[in-house]
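Notes follow once the structure below has been shown.
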Amino acid sequence: MHELYTILAEYYDAIYQRRVERVKEEIDFVEEIFREDAEREIKRVLDLACGTGIPTLELARRGYEVIGLDLHEEMLRVARRKAEAQGLNVKFIQGNALDISFDEEFDAVTMFFSSIMYFDDSAIQELFNSVRQALKPGGIFIADFPCWFYGGNDGPIVWDERRGDERLVITDWREVEPAFQKLRFKRLVQIIRPNGETKAFFVDDELNIYTPREMRLLATRHFHEVKIYGNLRRSLAPNDRRYWLVAVK
Ligand SMILES: C[S@@+](CC[C@H](N)C(=O)[O-])C[C@H]1O[C@@H](n2cnc3c(N)ncnc32)[C@H](O)[C@@H]1O
């Protein structure tokens, strides 16, 4: 089920190369939220579902004291190697975001790049509880997630990337199950070596769809102030394709 984060972990940054290039802009926006919406100064950050550390390392580069946590050791291995190569001091720990037991230790908790979609209606309540417990009073939780309406049930999307001398051809299908608000996400990753040798991997994942209103209502049970923003802008517009949950303890 989690092929993308296990056997393909070494290829994750190459598959999402375009997102890697956007991460500075994303973290500029996150810092604006830290300044404008948090009710305390942000110094210590817990990045949940940190993956290979794309945003985690950008936060560390900007001087935050960051801990990254992820379910998959394969992703963390990549993250630790990148931190070492870039001379950044980040602690990466393996664990389930639902099992964390930090007690008011962080000024901010983040969960980037749709990771919150791994949590269904009951798991998301547990997640909000644990995040709230991990935050100091006035601390902030930030998570971004996509609008299901765009990209669901479209034909396959194909694109290519490079990793060293290997060429990657990635084919995505998304199927929305409206009644259950599930997104079936299927991906074929073909890795082509210069000599033509090709390896192929199939990803089959199930994600939970949330509308901005649902997310706000769910989070309101756990946080004293909850906002939903559009992408990289502190307001929401009718055709926004990505949302940012901002919740203050
Ligand atoms: C789409 S990736 C996002 C990675 C990273 N946040 C980023 O911005 O690139 C989703 C990540 O969620 C992690 N994940 C899924 N379920 C998790 C859980 N219950 N606890 C911790 N991490 C989880 C996966 O291992 C994967 O690294």
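Just so you know, all these numbers are worked out from the coordinates, no wet-lab data involved. A quick note: this is a predicted structure, and the numbers were derived from the prediction, not measured. Quick reminder, even Gly has a Cβ in these numbers, built from the backbone with ideal geometry, and neighbours come from all protein chains shown.
With the cut-off at 1.5 for a/c, could you classify the chain from its C-alpha gyration tensor as rounded, prolate or oblate? It is oblate, given that a/c is not under 1.5 and a/b is not larger than b/c. Could you tell me the center-to-center distance, by alpha carbons, between the range 1-49 and the range 112-173 in angstrom? Here the two parts' Cα centres lie 10 Å apart.
Backbone amide hydrogens, once placed in the peptide plane, bring L8 within less than 5 Å of nothing, excluding anything fewer than 5 places away on its chain.
Summarising the amide proton neighbourhood of F92: residues at separation of 5 or more, or on other chains, whose placed amide H is nearer than 5 Å comprise G68. Within the chain, DSSP assigns beta bridges of which about 70% are antiparallel (rounded to the nearest 5).
The phi torsions of the range 202-215, fed into the Karplus equation with coefficients 6.51, -1.76 and 1.60 and a -60° offset, translate into couplings of 10, 10, 9, 10, 10, 10, 9, 8, 10, 7, x, 5, 4, 4 Hz, rounded to whole numbers, with Gly and Pro shown as x.
Put simply, the convex hull of the Cα atoms in the range 157-208 casts, on average, a shadow of 3.8 nm². Working note: 222 nm ellipticity from helices only, DSSP H runs with n ≥ 4, each -39,500 (n - 2.57), summed and divided by the residues of the chain, gives -8500 deg cm²/dmol to the nearest 500. For the range 90-148, the list of chymotrypsin sites (Phe, Trp or Tyr not before Pro) that fall in a loop by DSSP and count at most 16 other C-beta atoms within 10 angstrom reads F102. Of K82/K227; K136/K182; K136/K186; K186/K249; K182/K227; K43/K186, which pairs sit farther than 31 Å apart, going by alpha carbon to alpha carbon? With Cα atoms farther than 31 Å apart: K82/K227; K136/K182; K136/K186; K186/K249; K43/K186.
Based on Cα contacts under 8 Å between residues 6+ apart, the chain shows a relative contact order of 18 percent. For the pair the range 56-93 / the range 193-240, the C-alpha centres are spaced 22 Å from each other. Which GluC sites (Glu not before Pro) in the range 1-90 sit in a loop by DSSP (not H, G, I, E or B) and have at most 15 other Cβ atoms within 10 Å of their own Cβ? Here the sparse-neighbourhood loop sites are E39, E41. Each residue of the range 125-132 was assigned a 3J(HN,Hα) from its phi angle through the Karplus expression (A = 6.51, B = -1.76, C = 1.60, θ = phi - 60°), giving 5, 4, 4, 4, 4, 5, 5, 4 Hz with x at Gly and Pro.
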